1. Any residue in segment 414-438 that's within 16 Å of residue 391 (Cβ to Cβ): show its pairings with residues that are part of a loop (DSSP other than H, G, I, E, B) and at pLDDT 95 or above at Cβ separation under 6 Å, as long as the two are six or more apart or on different chains.
2. Checking residue 336 against (1) surrounded by fewer than 24 Cβ atoms within 10 Å (Cβ to Cβ); (2) assigned to a loop (DSSP other than H, G, I, E, B), only one condition comes out false. Which one?
3. Assuming residue 239 fulfils every condition listed in (1) buried (at least 21 other Cβ atoms within 10 Å of the Cβ); (2) touching a residue at least 60 places away in the same chain (Cβ under 8 Å) apart from one, which condition is it?
4. I'm checking my understanding of the structure. Among residues of segment 112-121 that are crowded, with 24+ Cβ neighbours inside 10 Å and more than 16 Å from the ligand (Cβ to nearest atom), which one is nearest to residue 165 (Cα to Cα)?
5. Exactly one condition in (1) touching a strand residue (DSSP E or B) at 6+ places or on another chain (Cβ under 9 Å); (2) surrounded by fewer than 22 Cβ atoms within 10 Å (Cβ to Cβ) is not met by residue 172; state its number.
6. Let me confirm something: among 370, 405, 361, which residue is within 29 Å of residue 84 (Cα to Cα), more than 16 Å from the ligand (Cβ to nearest atom) and touching a Leu at 6+ places or on another chain (Cβ under 7 Å)?
7. If I filter segment 48-73 down to residues being touching a residue at least 60 places away in the same chain (Cβ under 8 Å) and under 20 Å from residue 181 (Cα atoms), which single residue comes out as nearest to the ligand (Cβ to nearest atom)?
8. If you check 73, 110, which single one turns out to be modelled with pLDDT under 95, among the polar types (S, T, N, Q), outside any loop (DSSP other than H, G, I, E, B) and out of contact with any Cys (no Cβ under 7 Å at 6 or more places or on another chain)?
Amino acid sequence: MCYNQPGIKRKGDLVLEKFVINGGKKLHGTLQISGAKNAAVAIIPAALLVEGVVTIENVPDVSDVRILIDIISEMGAKITRLGRNSFTIDSTEIKSCEPPYKMVSKLRASYYLLGALLGRFKHAVVALPGGCDFGNRPIDQHEKGFRSLGADVKIKKGAVYVKANEIKGAHIYFDNVSVGSTINIMIAATRAKGTTVIENAAKEPHIVDVANFLNAMGANIKGAGTDVIRIRGVDSLKGGHTYSLIPDQIETGTYMIAAAATGGDVTITGIIPKHMESLTAKLIEMNVGIEEGGDYIRVFGKGKMRGATVKTQPYPGFPTDLQPQIATLLCLADGVSTVYEKVWDTRFQYIVELNRMGAKIKADGNTAIIDGPSTLSGAPVRSNDLRAGAALVIAGLVAEGVTQIYNVRFIDRGYEDIEAKLRDLGADIQRVSYDTEE
Ligand code: EPU
């Protein structure tokens, strides 16, 4: 079960919505990608380190971002909206290092508040993170990193308490590659005394984006994007700068897979093709047409697709956040495909829903065997997390007849205007509200 996200229409209301998709339409056209959600949810807390006003642009208008903005506003940050995707944050006067428990526990990325508050105020109390549940989601590497920087870390009453007399640079070797721990320690160490070296760091594109943001504000971070990051602590970060977020790698991948699944022809623009290499290579292997330019990728159907083996890994490996989507595509390909989920313990809950639509997938532990090709048919299904929801949307686009996807609020956590973007490409998809649980 995922924690409930508040509805997206009115603060505090839980809006029950579903997608109704009339499948079988090929996607055609051009699509502009939004800013990276997972960069936004790190950079917004990182802005708390800055004493002054920062302007952030290309921020996706998704519910995870809205919750985070509400949280930092409650803490005293002043937010001024400049448009749908840009705003200023003035963190000069933060009045609380204890963000509201209820709001924080809804969001996995709330753990970045720990790094930011520790870095600037040397203490924080932040509820243990929520978000989607795909198995055990430990934070032991975050704790290890904070302790290495000289903080005392305690977990009690469902919250993480961090406190230090002084944040001191340290040499930290992570026991496993973790995006969140890498970013969190990078954020906290920005204002440490001395130099911090993070070894076995994660290398995802949004880690580089967070480092670039912090450097633009006056931090001294080198090596982000490699597995060794060096952070020389600075006394303060200054405002007065504007930073624009990178395009969303996972949103890009989701639409690339949707285009391939429907056998259409879609050009996805405003992206960084380099970030997509593990997916483009896999699509080419499956006999999907790909054309790449400086800031776009065109994806088009070339007829029968071949099955493949996919193994999720930290970047530059195949992203776990595209695993449910690629599994959906593999259902449509000829032959037996295998998906190994190597990042999360249980990220196959969506399989039961895909099988309800006619897929033939068997999961055993972290391995899924897909027997293709399947003809998918529309059915009522439930998304149980963000990326699983995206996978069901792709299945609905391909399926014969009508698919109803419940729990749209999970999809809204990370995809801006998904139905409008798909409609522009020719999909028949509607968002429908309903009053009681159907
Ligand atoms: N891990 C530990 N200890 C820790 C932290 C992580 O053992 O202290 C393990 C996890 O259990 C997992 C692996 O390390 O097996 C990787 O976890 P990571 O820390 O990299 O994940 P995360 O930072 O919690 C981010 C994204 C996820 C994405 C993962 C992996 C955000 C807000 N979330 O999570 O995105 O799946 O990296 O790439 O950036 C999503 O966007 O749908 C999403 C779930």
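The values are calculated or read from the model by the stated rules, or taken from the named source; none is laboratory data. For clarity, every value in this text was computed on a predicted model and none was experimentally measured. Neighbour counts run over all protein chains shown; Cβ positions are idealised from the backbone, glycine included.
1. 414/62; 427/25
2. (2)
3. (1)
4. Taking segment 112-121 and keeping what is crowded, with 24+ Cβ neighbours inside 10 Å, we get 112-119.
Applying the additional criterion that residues be more than 16 Å from the ligand (Cβ to nearest atom) yields 117, 119.
Numbers: 117: 13, 119: 11 Å.
Within segment 112-121, the match that is nearest to residue 165 (Cα to Cα) is 119.
5. It is condition (2) that residue 172 fails.
6. Values: 370 fails: within 29 Å of residue 84 (Cα to Cα); 361 fails: within 29 Å of residue 84 (Cα to Cα).
After ruling out the rest, the residue left standing is 405.
7. Per the stated criteria, the residue is 64.
8. After applying the criteria, what remains is 110.
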